[in-house]
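Some notes on the structure that comes next.
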Amino acid sequence: MTNAQLKDELVAYSKTIGIDKIGFATADPFLTLKERLKTQQQLGYQSGFEKGDIDERTEPERLLPYAKTIISIALAYPAKLENPPKGVKGKRRGLFCRASWGEDYHTVLNDRLQKLEAFIRERVPGAKMASMVDTGALSDRAVAERAGIGWSGKNCAIITPEFGSYVYLGDMITTIAFEPDTPIDDQCGTCNKCVDACPTGALVQGGQLDSNKCIAFLTQTKEMIPERFRKKIGNRLYGCDTCQVVCPENKGKGEEYQPEFTPDPERVKPELLPLLSISNREFKETYGKMAGSWRGKKPIQRNAIIALGHFREEGAVPKLQTLLVNDPRPVIRGTAAWSLGEIGTSQAVDELETAGEKEEEKEVIEEIEKALRKTKEQVDR
C-alpha cells in the first residue's frame, strides 16, 4: 500500500469514528510561530499553562525523532443550549463556556486519536506516532492551520468553513510521510468584531492575545482575580465565549456536533448558591467529566462568589458571611468580602465589620476594608 492510498483510507476511516475534519501537515519546524512565541514571552503575554519550551513547541522532531507528518483532527461542539434554565432573584445562575459542554474533550479526542493510531499500526507496523490534545507541547492551532483545517482568526481560534470556530483540535505526529494538505486562506479580512468586543481588551490586536487579561484564563486561575477584572467576569464560571459569539463566521454554526458534547443544561448553567457549599465528592460527581473541572472546585467557587456580587444577590449574604468568617482559604474569604461590598446591604456591611475584627490575613483585611469604603461611599452619595 502506498502512502497516498493509506491517506485515503485514513480519511475515510476517520469519518466512521466521529472525526469531523482531518488534515495533514509537514512536520517541518514552525519558524513563524517560534518568532511570535518569543514576542509573546518578551511582552509577558503568556498564561503559564503552556507546556514545553519554545523549541519543543515549534520543532516536532524534538517530540518524535524522524517525524515527517502531523495529522490534525477537529471535532465540532455545540453553540446553542436547548431549553436553558433561567436564573431569577434568589436562584441566580452561572455559566460554563461552550468548550466545557458535555464530556471532557480531552477524553473524546484522545479516544479518536488512539483509534487512528491503531488503524495505522495495523497497516504500517513499524510506524512511530505521538498524539496529543491541548496539553501537548505543539500548538494545536498552528498545526491545524498548516493542515488546512481552517484559518487562524483574529480571535486566536481556528475558524473552519464548516463549523466556524466551534471545534476541538488534536494532533498526531508520525514518521510516515503523507502528502500535506493545502492551508486555507485567511477570511477575516477587515472584520475586527472580536477585538472590539473583548470584555477586558485581552485581544491586543487581531491574532495577538494577552493571556493575563483573558477571562478564559482568569477564570481558571486559583489566586485572587485582580479587582479591575471582576465585574467584567459577570456570571462566567469557566471560560468566555464573547470573541466566538460575535464572529460573523460562526453565524448559523454549532448545530452539528459530536454526541458526547451534548450539554446538560443544569450542569453548564448551574445555580450559584449551591456551589458555595458543594463538597469535593459532590463536585467530582457532578462536574468531574466536564473540561471545566480540571482545576478543581476552588476557581469555580471563587467565580460563583464574583457572580453573586455581580448580581448583587441579597439572598446570598448569609452564605457569603459564612465563607468570609469560616472558610480556610484566603482567596475565598477575600472574594466573599468583595462580593458583600458589591451587594452593599446593611446586613452585608455588618458582616464585613464583624469579620474585619477577627481576620488576620493581610490580603483579606485589605478586601474587607475596600468593601467597607465602597459601601460607605454609596451611603454618602
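In a simple Cβ point-charge model (Lys, Arg +1; Asp, Glu -1; nothing else charged), the chain has a dipole of about 580 debye relative to its Cα centre. Every helix of 4 or more DSSP H residues in the chain counts as -39500 (n - 2.57), and over all residues that averages to -12500 deg cm²/dmol at 222 nm.
Quick one, which of (1) 51; (2) 59; (3) 56 is the actual percent of Cα pairs over 25 Å apart calculated for this model? Entry (2). Averaging 1/r over every pair of different alpha carbons in segment 272-367 and inverting the result gives a Kirkwood radius of 13.5 Å. Shown in residue order for segment 237-242 are the 3J(HN,Hα) couplings computed by the Karplus curve 6.51 cos²θ - 1.76 cosθ + 1.60 at θ = phi - 60°: 8, 7, x, 8, 10, 3 Hz (x for Gly and Pro). The residue list C214, G44, G23 was ranked by how far each Cα lies along the charge dipole of the chain toward its positive end, using unit charges on Cβ atoms, and C214 comes out on top.
Taking 19 Å as the limit for the C-alpha separation, the pairs K297/K319; K231/K370; K213/K319; K80/K251; K232/K362; K193/K253 exceed it in the case of K213/K319; K232/K362. The slack in the chain from N326 to Q114, taken as 0.36 nm per residue of separation less the alpha-carbon distance, amounts to 71.7 nm. Note on the chain: GNM, Cα springs under 10 Å; of E82, E162, E314, the largest mean-square fluctuation is that of E82.
Measuring r between the beta carbons of K358 and N280 and using R0 = 25 Å, the FRET efficiency lands at 0.45.
In this Cβ point-charge picture (+1 for Lys and Arg, -1 for Asp and Glu), segment 103-171 has a dipole of about 280 debye about its Cα centre. Listed by Cβ neighbour count within 10 Å, with the fewest neighbours leading, M129, M1 appear as M1, M129. For segment 214-380, the residue among L352, S293, L320 whose Cα projects farthest onto the positive side of the dipole built from Cβ charges is S293. Roughly what percent of Cα-Cα pairs across segment 214-380 reach past 20 Å? The share of Cα pairs beyond 20 Å in segment 214-380 comes to 54 percent. How big is the gap, in Å, between the Cα center of segment 114-186 and the Cα center of segment 315-372? Rounded to whole Å, the Cα centres lie 48 Å apart.
Within the listed set V11, V331, V124, the residue fluctuating most in the Gaussian network model of the chain (springs between alpha-carbon atoms under 10 angstrom) is V124. Quick one: among G315, G153, G23, which has the greatest mean-square fluctuation in a GNM of the chain with alpha-carbon springs under 10 angstrom? Of G315, G153, G23, the most mobile in the Gaussian network model is G315. Residues in segment 122-137 carry Karplus couplings, in order, of 5, 9, 9, x, x, 5, 9, 9, 9, 10, 7, 9, 6, 8, x, 6 Hz; the curve used is 6.51 cos²θ - 1.76 cosθ + 1.60 with θ = phi - 60°, and Gly or Pro positions show x. Legend: ranking of residues R333, R312 from fewest to most surrounding C-beta atoms inside 10 Å; resulting order R312, R333. Entry note, the chain: relative contact order of 20 percent, from Cα contacts under 8 Å with a spacing of 6+ residues. How many angstrom lie between the C-alpha centres of segment 1-28 and segment 59-108? First find each Cα centre; the distance between them is then 22 Å. Taking the number of Cβ atoms within 10 Å of each Cβ as an exposure proxy, the fewest-first ranking of C214, C191 is C191, C214. For segment 224-331, a crude dipole built from +1 on the beta carbon of Lys and Arg and -1 on the beta carbon of Asp and Glu, taken about the Cα centre, is about 520 debye to the nearest 20.
We did not get these values from a lab; they are worked out from the coordinates using the rules stated. All values reported here derive from a predicted model rather than from experimental measurement. A quick note on method: Cβ atoms are made from the backbone with ideal geometry, for glycine too, and the neighbour counts reach across all protein chains shown.
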